[in-house]
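Down below is the structure, laid out as structure tokens.
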Amino acid sequence: MGIHFSVEKEGFKLKGKMQLKSWITSIIKNEGKKIGDIAYMFCTDEQVLESNISYLNHDTYTDIITFDYVEGDVISGDILISVDRVKENAELFNCSFEQELRRVIIHGILHLLGVGDKTEEEAVVMRKREEEALKEWENMTMFHKEQ
């Protein structure tokens, strides 16, 4: 049980794992849910594409795939993140790689919490929830810096 990170992308190092775990835990607990088994895998574009084709029948590149294993109030799932796609999207959205990575990390959790993004209305809610979570990250990191 817990939040686990594994890196499949050569040359990529995930920074601040403990702080990320605290943040993700806080987001889940704020929803009144419990942490089950959450596995993040940081991959290449090709690895995520392969999973997208194999498991979802989608022959497209994507930044994230979330496999939902939620049971009741216990949040569990596998989250595959394309480090390549996050880097490209950070440039596209004119933000830092770290900012975009955190957005994608929490995007997967929000999916596990039942937030969709298939329709335009759902996508608006998803963006709002991502922004709220990212503000919480900023508040947490400011608090840690003050100590």
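Here, each number is a calculation from the coordinates, and none is a lab measurement. Owing to the predicted nature of the structure, the values given are computational and were not obtained by experimental measurement. When we count neighbours, we look across all protein chains shown, and the Cβ atoms used for this are built from the backbone with ideal geometry, even at glycine.
Overview of results
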| read-out | value |
| --- | --- |
| Of all DSSP beta bridges in the chain, antiparallel share, percent nearest 5 | 30 |
| Which labelled figure in (1) 25, 21, 16; (2) 22, 19, 16; (3) 32, 16, 13 is semi-axes √(5λ) of the Cα gyration tensor in Å, once derived from the coordinates | (2) |
| Assigned charges on the beta-carbon of Lys, Arg, Asp, Glu; the chain dipole about Cα centre (debye) | 680 |
| Listed peptides 99-110, 6-17, 32-43 by packing density, highest first (mean Cβ within 10 Å) | 99-110, 32-43, 6-17 |
| Reachable aspartates and glutamates, given that their alpha-carbon falls under 20 Å from the alpha-carbon of Lys128 and they are not under 8 places away in the same chain | Glu31, Asp63, Glu98, Glu100, Asp117, Glu120, Glu136, Glu138 |
| Neighbourhood charge, 13 Å Cβ-Cβ cut-off, centred on Arg85 and excluding it, Lys, Arg +1 and Asp, Glu -1 | -4 |
| Karplus-derived 3J(HN,Hα), 6.51/-1.76/1.60, for each residue of segment 13-25, Hz, glycine and proline x | 10, 8, 9, x, 4, 5, 5, 4, 4, 4, 5, 4, 4 |
| Highest to lowest packing among 91-98, 44-51, scored as the average C-beta count within 10 Å | 44-51, 91-98 |
| Extension gain, Lys87 back to Lys15 (0.36 nm per residue minus Cα-Cα distance, nm) | 24.4 nm |
| Extension gain (nm, one decimal) between Glu50 and Met1, 0.36 nm per residue minus Cα-Cα | 15.0 nm |
| Percent RCO, i.e. relative contact order, over segment 2-146, from Cα pairs under 8 Å lying at least 6 residues apart | 20 |
| Rounded to the nearest 20 debye, dipole of segment 76-147 from Cβ charges on Lys, Arg, Asp, Glu | 100 |
| Segment Thr60-Glu138, length gained on full extension (0.36 nm per residue, minus Cα span) | 24.9 nm |
| Simple spin-label estimate for Asp73 and Ala123 in nanometres, 7 Å along Cα-Cβ | 3.5 |
